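Structure first, commentary second.
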Amino acid sequence: MNFDAIIVGGGACGLMCAVQAGFLGKRTLILEKNDQVGAKILISGGGRCNYTNLYTTAQNFISENEHFSKSALSQWTVDDSISFFETYGITGQEKTLGQLFPTSNKAKDIVHIFTDLCEQLDQKIELNCEVKLITQTNEGFEISYEQKGRILKLNAEKVVMASGGLPIAKMGASDFSLKTAKQFGLKLTPTAPALVPLTITGKEEAFFAGLSGNSIHAIVSNNEISFEENILFTHWGLSGPAILQISSYWKPGQQIEIDLLPHQNIINLIELERASNGKKVLGNFLTSFYTKKFVEAIVKFIPTDKNLASLTKEDFIAIDTFIHHFKVKPAGDKGYDKAEVMRGGVATDELSSKTLESKKIPGLYFGGECVDVTGWLGGYNFQWAWACGYVIGQNI
C-alpha cells in the first residue's frame with residue numbers, strides 16, 4: 001500500500017501529524033508499539049488530560065536553543081488547539097495557572113477525536129508494531145518492524161519519528177527516536193528525566209520521611225528560576241508541582257531553596273502576635289500555617305517549644321532561615337519511570353525549525369518529546385506535540 005509518510009509512534013505528535021496530513025489529502029501509516037494509541041494522553045492529568053496551557057510562550061520550554069520552538073508554536077498556537085478540539089466537541093475548562101482540561105475530565109475523549117478522524121481521513125493505524133530499523137534507500141526509506149512475531153518491511157518516501165522519549169517504560173517509552181537520529185549521524189543533546197520527584201538520602205532522609213504527606217504552598221528556586229506552587233513531602237524526598245517544575249532545571253550536586261511561607265514575613269507575624277500574646281508557644285502559633293505533624297517535626301531546626309516572648313535574636317534568625325530559606329540538596333531523582341517527560345534529545349540545530357525535517361537526511365522528520373524542547377508542567381508539552389504534528393503534517 002502506498003503512503004506519503006510512515007509515522008513511528010501514535011502519541012500526541014504522531015496522531016496530530018496523521019490528521020493534519022489527512023486534511024491535505026495525504027495518506028499516512030502510524031506504527032504504534034502499544035495495543036492502543038495515545039497511551040500517555042490517557043494517563044496524563046490523572047486521566048483528565050491537561051491538553052494545553054493558555055499562557056504558552058517559548059519561555060516555557062527548556063532547550064539549548066531557546067528560540068527553536070518559536071516557529072512551530074507560532075504556526076500552531078494555543079488558540080488553534082482550542083479551536084481544533086472545540087470543532088470536534090471538546091470544550092476546555094481552566095484549572096491552575098492556565099492549565100486547560102476537557103470539561104468532561106476524560107482524556108479518552110481527546111484520543112477518540114484522533115482515532116475517529118484517522119478513520120474518516122483514511123489514515124491507517126497499525127498496533128503492536130515495534131519498529132526495529134529504518135534505513136535509507138534511493139526512493140526514501142525502508143522500515144523494518146515486528147508485529148505478532150513476524151518481521152515486516154515497508155517503504156516510504158518520508159518518515160516521521162514521533163515515538164517520544166524515555167519516560168515511562170510501561171507506557172512503551174523507548175530511545176528508538178534517539179537511536180535513529182544517532183544512526184543517521186544527527187547530534188543529540190544529553191538526556192535526563194524532567195518533571196520528576198527529587199530524592200533525599202543520608203542524614204536528612206528520616207526528617208523528610210517524618211513529614212511524608214504534608215503539602216505546602218511554597219516558592220522553590222535555584223540560581224536560574226523559581227516556581228510558586230505546592231510541594232509535597234514524601235517518604236523518599238520531595239514531589240508536588242513546584243518540585244516537578246524545578247527538577248527540569250536541577251542538576252546533581254546542586255541545592256534548591258524553598259520559601260515555605262510566600263509573600264508573608266514570618267518574623268513580622270510573630271512579633272505582631274507576641275505584642276498581644278507573648279505567652280503563646282511558637283509551635284501553637286505555627287499551626288495557623290502548617291499541620292501539627294509538620295510543626296512537631298521541625299523542632300530540630302527551630303525552637304517550637306518556646307513561648308513567643310522568650311524568643312531570642314538567634315531564634316528569629318533560625319526561624320527566618322528555615323521558613324523562608326529552607327535549603328535542600330537532593331541526592332537524585334526518581335528516574336524515567338516517575339518522570340513526566342525527558343529533557344534533551346535530538347539537537348535542534350540538526351532540524352529545520354520551520355518544518356522539523358532533518359537538515360542532513362531529507363524526508364526524515366522528528367517531533368514531540370524526542371526533540372530537545374522540554375516544556376514546563378501544565379499542558380505545555382502537549383501544546384508542543386500538537387504544534388510539531390501540525391508542522392510536520394503540512395510538510396511531508
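The table below lists the values:
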item	result
Cross-link partners of Lys251 among lysines (Cα-Cα below 27 Å; sequence separation of 8 or more within a chain)	Lys40, Lys70, Lys170, Lys179, Lys182, Lys187, Lys203, Lys327, Lys329, Lys334, Lys338
Whole-number percent relative contact order across the chain, with pairs defined as alpha carbons under 8 Å at least 6 apart	25 percent
Listed residues Gly14, Gly165, Gly202, most fluctuating in the chain (Gaussian network, C-alpha, under 10 Å)	Gly202
Computed label-point distance, nm, for sites Asn284 and Asn230 using a 7 Å Cα→Cβ extension	2.9 nm
Thr291/Met171 FRET efficiency (R0 45 Å; Cβ-Cβ; nearest 0.05)	0.85
Whole-number percent relative contact order across the range 339-387, with pairs defined as alpha carbons under 8 Å at least 6 apart	37 percent
Whole-Hz ³J(HN,Hα) from phi, Karplus 6.51 cos²θ - 1.76 cosθ + 1.60, for the range 365-374, glycine and proline x	10, 10, x, x, 5, 6, 8, 6, 9, 10
Positive-end residue of Ala297, Leu244, Ser163, charge dipole of the chain with Cβ unit charges	Ala297
Residue-span extension gain [Ser104 to Lys354] - 0.36 nm each, minus C-alpha spacing	86.6 nm
Size of electric dipole in the range 197-334: Cβ of Lys, Arg +1 and of Asp, Glu -1, about Cα centre, debye, nearest 20	340 debye
Relative contact order of the range 197-334, pairs being alpha-carbon contacts under 8 Å that are 6 or more residues apart, as %	30 percent
Rounded tilt (10° steps) of 266-276 against the dominant C-alpha axis of the chain	30 degrees
Size of charge dipole - the range 1-119 - debye, nearest 20, with Cβ of Lys, Arg +1 and Asp, Glu -1, no other charges	200 debye
Choice from Ser69, Ser310, Ser353 with maximal GNM fluctuation in the chain (Cα, 10 Å cutoff)	Ser310
Trypsin sites (Lys or Arg not before Pro) restricted to DSSP loop in the range 166-205 with at most 11 other C-beta within 10 Å	none
Per-residue Cβ neighbour rank within 10 angstrom, fewest leading, Thr115, Thr91	Thr91, Thr115
Chymotrypsin sites (Phe, Trp or Tyr not before Pro) restricted to the range 74-179 and DSSP loop, no more than 15 other C-beta within 10 Å	Tyr88
Where labels lie 7 Å past Cα in the beta-carbon direction, separation of His217 and Asp116 in nm	3.9 nm
Highest-MSF residue in the chain out of Glu126, Glu157, Glu271 [GNM, Cα springs under 10 Å]	Glu271
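Rule-based calculations on the coordinates, nothing more; no lab input. All figures in this text were calculated on a predicted structure; none of them were measured in a lab. Please note: Cβ atoms are built from the backbone with ideal geometry, for glycine as well, and neighbour counts cover all protein chains shown.
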